[in-house]
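Contents: one structure, followed by commentary.
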2 protein chains.
Amino acid sequence: MLRISKRVEYGLMALQYLAKSGQVATTREISDSSNIPHDLLAKVMQSMKRNGIIDSFQGVRGGYRLLLSPEQITLNRVVFSLDEETAITECASENPEHATCAMFDTCTIKVPMQKLQMKLTESVGNMTISELL
Amino acid sequence: MLRISKRVEYGLMALQYLAKSGQVATTREISDSSNIPHDLLAKVMQSMKRNGIIDSFQGVRGGYRLLLSPEQITLNRVVFSLDEETAITECASENPEHATCAMFDTCTIKVPMQKLQMKLTESVGNMTISELL
DNA sequence: ATAAGTCGGACTAAATTAGTCCTATTTAAG
DNA sequence: CTTAAATAGGACTAATTTAGTCCGACTTAT
């Protein structure tokens, strides 16, 4: 259907790691164990932290920890925290700043896109990490 | 969740147009009526033709016509005809040539991605044009 | 004081997607 | 039997998005 971003892939790997270990883990630990680019994962972790999915500790023995249980973390939330958007089209965005399609007035498929968006969010977006991992 | 391509957007507009008119229509007619780039739409129509979703007539009074009824056309089929892929990750692709991810052996989220893919295809991909439009 | 972390912004590179252009072929109609 | 209106399809460019890197600042356990 539509491709998932690397950021989201890496985010899911990290969440899985944190869920399994149950403890505080560093980005280095996670990026080594999953063979993914450390610096990019660092960004991913920061985004998920800002969103409130995970928790962080700075300094020497710092790292990240799950703040929500896997049952509470929806795919939608992960994607939103990492891609800043979960809409399949501009016009389907909840953020009006992102909904500035030039064809808005003449577009013939706004309603269909709305339906699609709802179905996607409901069936896929609302899945939780615990269902998935 | 994930953004839909312009090709698919244009394709859906065209299918809607064909379904409504019930007759043969030219790409010019459709691109004018929908305010979309003619040349790009032409590519889109060719792809859907090759896939067997629509039918074409060359020459002066030529154009395109639905070959399947809206109930028979799934979103998945439209996307596949236009984007050549419906998988959310490389490894979830049905085409082994597209499934050449370098991290395949070490990846920790293959199963989750598989689950996600199934859910997406089942809930969203299998929707038909008639349900949508 | 130092080393191991996170924080966050700026930047570059790579890949994908959107869009254009050109030439060939088909065919209805004058 | 020529012309004009179409589709067919390949090659190309431009624009946008995504991936990935780098750097300097701040935090904190040892």
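Name every residue in the stretch B:78-124 that is within 10 Å of chain A (Cβ to nearest Cβ), part of a loop (DSSP other than H, G, I, E, B) and under 16 Å from B:Val8 (Cβ atoms), in order of residue number.
Residues satisfying the conditions are B:Glu85, B:Thr86, B:Ala87, B:Ile88.
Would you point out which residue out of A:Lys20, A:Lys110 is within 30 Å of B:Thr128 (Cα to Cα) and basic (Lys, Arg)?
A:Lys110
Quick check on my filter: what residues within the stretch A:15-42 are more than 13 Å from DNA strand D (Cβ to nearest atom), surrounded by 15 or more Cβ atoms within 10 Å (Cβ to Cβ) and within 11 Å of another protein chain (Cβ to nearest Cβ)?
Hits for the stretch A:15-42 are A:Leu15, A:Gln16, A:Tyr17, A:Ile30, A:Ser33.
Tell me the residue from B:Met45, B:Met127 that is more than 10 Å from every other protein chain (Cβ to nearest Cβ), surrounded by 15 or more Cβ atoms within 10 Å (Cβ to Cβ) and modelled with pLDDT of 95 or more, please. Explain how you work it out, then say what you get.
Numbers: B:Met127 fails: more than 10 Å from every other protein chain (Cβ to nearest Cβ).
Only one candidate passes the filter, namely B:Met45.
Residues B:Met118, B:Met113: which one is buried (at least 16 other Cβ atoms within 10 Å of the Cβ) and either touching a helix residue (DSSP H, G or I) at 6+ places or on another chain (Cβ under 8 Å) or at negative phi (or both)? Before the answer, list the steps.
Numbers: B:Met118 fails: buried (at least 16 other Cβ atoms within 10 Å of the Cβ).
Within the list B:Met118, B:Met113, the selection yields B:Met113.
In the stretch A:59-77, which residue that is within 13 Å of DNA strand C (Cβ to nearest atom) and buried (at least 20 other Cβ atoms within 10 Å of the Cβ) is nearest to the other protein chains (Cβ to nearest Cβ)?
If we filter the stretch A:59-77 for residues that are within 13 Å of DNA strand C (Cβ to nearest atom), which is where we start, we get A:59-65, A:67.
Remaining after also requiring buried (at least 20 other Cβ atoms within 10 Å of the Cβ): A:63-64.
Numbers: A:Gly63: 18, A:Tyr64: 17 Å.
Once the filter is applied, the top-ranked residue is A:Tyr64.
Go through the residues of the stretch A:1-22 one by one and say whether even a single one is touching a residue at least 60 places away in the same chain (Cβ under 8 Å), within 9 Å of DNA strand C (Cβ to nearest atom) and not charged (D, E, K, R).
Yes: the stretch A:1-22 contains one or more residues that are touching a residue at least 60 places away in the same chain (Cβ under 8 Å), within 9 Å of DNA strand C (Cβ to nearest atom) and not charged (D, E, K, R).
Which members of the stretch A:58-101 meet the condition of being more than 18 Å from B:Leu2 (Cβ to Cβ) and in contact (Cβ under 8 Å) with a residue 60 or more places away in the chain?
Selection gives A:Ser69, A:Pro70.
Just the residues that are farther than 26 Å from B:Leu41 by Cα and among the aromatic types (Phe, Trp, Tyr), please, taken from the stretch B:72-107.
B:Phe104
All but one of (1) in contact with an Asp or Glu (Cβ under 7 Å, 6 or more places away or on another chain); (2) part of a helix (DSSP H, G or I) hold for B:Tyr64; which doesn't?
Looking at each condition in turn, B:Tyr64 falls short on (2).
The values are calculated or read from the model by the stated rules, or taken from the named source; none is laboratory data. Everything quoted here is computed from the prediction, not taken from an experiment. Cβ sites come from the backbone with ideal geometry, for glycine too, and all protein chains shown count toward neighbours.
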